[in-house]
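So the structure is just underneath, and the comments pick up after that.
The values are calculated or read from the model by the stated rules, or taken from the named source; none is laboratory data. Nothing here was measured: the structure is a model prediction, and the numbers come from that model. Please note: Cβ atoms are built from the backbone with ideal geometry, for glycine as well, and neighbour counts cover all protein chains shown. For accessibility, only protein heavy atoms count, side chains too; no ligands or nucleic acids. Shrake-Rupley method; radii C 1.70, N 1.55, O 1.52, S 1.80 Å.
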Amino acid sequence: MITKSIIVTIFLVVAVSYTFGGGFQLNEHGARAMAQAGAFAARANDPSALYFNPAGISFLKGTQVYLGATLISPSMTFRGPYNLNTNQETKLENKIYTPINIYFTQEINDMFSFGFGVNNPFGLGTKWPDNWVGKTLSIKSEVQLFDFNPTVSAKFLDDKLSFGAGFNYYLGSVEIIKEANSFYPPSNITLKAGLTDGKGVGYNFGLQYLPEENLRFGLSYRSPVDLKIEGDATFSQKRSIFPEGRAKATLNLPATGFIAAAYSPINDLWIEFDAQFIGWSSYKKLEITFLKDNSVSSTEKNYKDTWILRFGVEYKLTSDIILSSGYFHDFNPVPDETVDPMLPDSDRNGFNIGFSYKFNDKISFDLAYLYLPFVQRTTEKSDLFFNGTYNNTTHLLGFNIYLKL
Amino acid sequence: MKKIYFTFIIIFLVFWGCSKEDVPTSPGRANNNYVGNADFTRYVAVGNSLTAGYQDGALFKEGQLYSYPNLIANQVKNLGINLDFQIPFISEPGIGSRISVTKVTSSGAEVAINTVISTPENLTLQRPYNNLGIPGSVVWIPNSNGLPISDVFQNVSFLTSTQRNNPFFAIVLRSEVFGTNLIAQVKAINPTFITVWLGNNDVLGYATSGGTSPSSPTPSAIFQQIYKMMIDSLSALGAQMVVANIPDVTVIPYFTTVMPYIVTNGVKTYLWGQTKDGVRQLTDNDYVVFTAQNYLKLGVGLTQSNPLPNNLVLDKDEVAIAQQAVNSFNQIISSICNSAKLKDGKSIPVVDINKFLYDIKKNGYIIAGEKYTSDYIKGNLFSFDGVHPSSKGQALVANEFIKVINDRYNANISFVDFTSIPGLKIPVSKSTKEINSFYFENNFELKYQEILKLFKP
């Protein structure tokens, strides 16, 4: 038995690519708006105006509270990767995500109103089988962002014009699990930041113009936010070459804005058309710095600015019941090169339906259902060398309780 | 009104209920996998250590399981094809000088080399093995008379193993009962499919010994003569075939890990070595072999009076000779295969491993977001011996064969799932404390500076 030793230099190889796709952005922040495909920024006539157009709270009488949640159930499949000449299908594990929304508005006097909202403008996740073919890209990922949004508004010109503005304080949590399998035994990498580990600030404002009884125009804007996250990187197999310990990253989340018009051709019927802009080009790359060795994992994203076109209808059937429906088309911001299984995005069509039921003058209940099939997406030039076909159908169910105190 | 209300509730519940079952299935790109015209019923692999699945300086069961012929066989089996691929397994830890990484420290990895002699398994098989890759086998056996003798046609005899100090002839070919030489054993299987990857050692031995042993690669004329005999004999068996060519030796980590210089405070100082031109300072065109690290640690190569010995330096003239041999062998292989005729009247396709490895050296290989390179250890495609592919490297070789098989035999066999192939075995630390005490520095310079300090005259 001869034993000798050779010292060879090696260094860290944890290939890392992380993403938070366009699909993480949520626009379901109130069941009544959701039932009309989110075409709501021109009317913005319930407390979810705090999200859609803060100018809208000017017209909410007294004290109002609007509370709700959305159940989101994505079903996704991936076929491929074609890079391995295979067409095998992997299914995402079923999981339900539940973004919430809480809005409070208070009329201060004839001119001013105040509001406070909490919701989740970003937040979703994926969980693939532990041993699937894309495990080096993503096994589990979850992002959740809370927006705390105090707002003031004022109305002018005989209540024909209203302006509202707010401040946004964001808290965000992230959990990402993937496998580093260059070395054996393979190691899961977990990046985890709790809710108070991700922080950011922003502002928003909105303008509403009501020239006629049956006509509304709305314009609103929500600033981009740089969410600074610091969390822990842990490895299921300990190796001195792994950058275990604290890690930090900044997520450049996009600005969003609505241009909206609503019209009531006959009594009890409103139709609205909104164009929502999302400034995803802010998301050029993601850099994660591992503090142990200051190694940086940088991933190109190169997202594009994008639009969602929204069309909604609302009909007051009786004094107690409002029926709503809508359709939107969402152009995805993710270029073919950077689509990955963490939350693969694709153009989407949203089919919405819902209703409101008024129990009495103080309490009503809103329910909305959104059927959201993604346009099948096949990538042929993935930077990650993970080409394949993604399909996704998501069902969303939103409900809110509306209290006029 | 209540009625409408409840109707809506029911509609929602139905939708919501459906959503649990409604998982979309996508047609994706239509590329269901099939074996096409390829007939793998009786598949035989002819080759050397690369074919045998030799890794980390030894032949052992796990490396054999991840040899490219066995990986190809598994991909075919996955398609429901009945295929019995028998391997001359050697139990762990194997036979050879097995290298393992024992420790990862702040300055690098510490490697242990153990001479191991384990027992062969699968000895009761009453026919030749399907993997007939024999580590160390050559197209031409160097001999002073220049006789065209070859491991392909050499009579099966335990004498060969003894003469060559190589136990693998006896282990892989076992007995004349199964055939009097390699070709006869291939024939005895009545193969439907043959892969051939041979000839590497006809230049590799020259290169890894720094151009000393043997003192030249196999002469092209002899290579041509024997290789043609081999292909003629194999193609006469009526099987489908695929042949791989030979990679440039300078792409392997054995020649790219130790640089011909050391760096001190950012300044390069070239090492001294014995070359064809005598003792001289090395240049960027010279290669230093992997094992020279042990000599550098002792101060050898740092001064003119204490140069690296000839067998540790593949100098620029020797590099040119080795590359010339590879080019010439590859031209011979492709011309012989192009003019050969298989049963279907078409020629034998060639897997261009040379180009493939050159691309990897240049660009690396990326799959599912992870990048692999030809670098030692961190590149993950070569085993710890710096010459032979790792399991993942073997998977890439298998996939290159499969591409050619798919193309030539109208097959559509899926590639080996590279991500499920085990990576290099790097020890796992016991505690977080240990991890924190190793602050890992990616610094090749530092190491040699420290060495210099120790051995400064």
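Overview of values
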item: Rule-of-thumb Rg ratio for the range A:201-262 [Cα; 2.2 N^0.38 Å; N residues]; result: 2.07
item: Heavy atoms of A:E89 accessible to a 1.4 Å probe, total area in Å² rounded to 10; result: 60 Å²
item: Long-range HN-HN contacts of A:F386 with modeled amide H, under 5 Å; result: B:A368
item: Label-point gap, in nm, between A:F359 and A:K95 - each point 7 angstrom along Cα→Cβ; result: 3.4 nm
item: Which listed pairs, of A:K127/A:K381; B:K103/B:K297; B:K268/B:K392, have C-alpha distances above 27 Å, in listed order; result: B:K268/B:K392
item: Vicinal HN-Hα couplings computed from phi for the range B:331-337 (Karplus, 6.51 cos²θ - 1.76 cosθ + 1.60; Hz; Gly/Pro x); result: 5, 4, 4, 6, 6, 5, 5
item: Helix-only mean residue ellipticity at 222 nm for the protein assembly as shown, each DSSP H run of n ≥ 4 adding -39500 (n - 2.57), per residue, nearest 500; result: -6000 deg cm²/dmol
item: Cβ-derived FRET efficiency at R0 56 Å, A:L317 paired with B:D407, nearest 0.05; result: 0.30
item: Computed lengthening from B:N165 to B:A236, 0.36 nm per intervening residue step minus Cα-Cα distance; result: 22.3 nm
item: Gain in span if fully extended, B:N32 to B:N327, counting 0.36 nm per residue against the direct Cα distance; result: 102.4 nm
item: Radius of gyration and maximum dimension Dmax of the range B:54-170, Cα, Å; result: 17.3, 52
item: Under the Karplus curve 6.51 cos²θ - 1.76 cosθ + 1.60, θ = phi - 60°, whole-Hz ³J(HN,Hα) for the range A:319-329, x wherever Gly or Pro sits; result: 5, 9, 10, 10, 9, 9, 7, x, 9, 9, 10
item: Computed E for A:E287/B:K276 - FRET, C-beta separation, R0 60 angstrom, nearest 0.05; result: 0.75
item: Hydrodynamic radius of the protein assembly as shown per Kirkwood, over alpha carbon pairs, in Å; result: 31.0 Å
item: Gaussian network model of chain A, springs between alpha carbon atoms under 10 Å - residue of A:I363, A:I229, A:I278 with greatest fluctuation; result: A:I363
item: Normalised contact order of the range A:38-98, rounded percent, pairs of Cα under 8 Å and 6 or more residues apart; result: 24 percent
item: Relative contact order computed over the range A:85-229 (Cα-Cα under 8 Å; 6+ residues apart), in percent; result: 17 percent
item: Average Cα contact separation per residue, chain A, under 8 Å, 6 or more apart, as relative contact order %; result: 19 percent
item: Net dipole in debye of the range B:94-208 [+1 Lys, Arg Cβ; -1 Asp, Glu Cβ; about Cα centre; nearest 20]; result: 120 debye
item: Tensor-based shape of chain B (alpha-carbon gyration tensor, a/c under 1.5 rounded, otherwise prolate or oblate); result: oblate
item: √(5λ) per eigenvalue of the Cα gyration tensor, the range A:252-362, largest first, Å; result: 41, 16, 12
item: Positive-end residue of A:A275, A:A260, A:G388, charge dipole of the range A:2-404 with Cβ unit charges; result: A:G388
item: Paramagnetic reach from A:T250 (point 7 Å along Cα→Cβ, amide N under 19 Å) across the range A:208-228; result: A:223-228
item: Efficiency of FRET from Cβ geometry, A:E213 and A:E380, R₀ 30 Å, rounded to 0.05; result: 0.05
item: Where only C-alpha atoms are counted, convex hull volume of the range A:2-404 per residue in Å³; result: 132 Å³
item: Exposure rank, largest accessible area first [B:D84, A:D366, A:D158; 1.4 Å]; result: A:D158, B:D84, A:D366
item: In nm, spacing of pseudo-spin labels at A:L405 and A:D268 (7 Å Cα→C-beta vector); result: 3.3 nm
item: Number of partner chain Cβ atoms within 10 Å, mean per residue of A:83-96; result: 5
item: Portion, in percent, of the accessible area of the protein assembly as shown that falls on carbon or sulfur, probe 1.4 Å; result: 57 percent
item: Rounded to whole Hz, the Karplus (6.51, -1.76, 1.60) HN-Hα couplings of the range A:68-74, x for glycine and proline; result: x, 8, 10, 8, 10, 10, x
item: Label point distance in nm, A:W307-B:S97, each placed 7 Å from Cα along Cα→Cβ; result: 7.0 nm
item: Interface burial for B against A (accessible surface, 1.4 Å probe, total of both chains, Å², rounded to 100); result: 7100 Å²
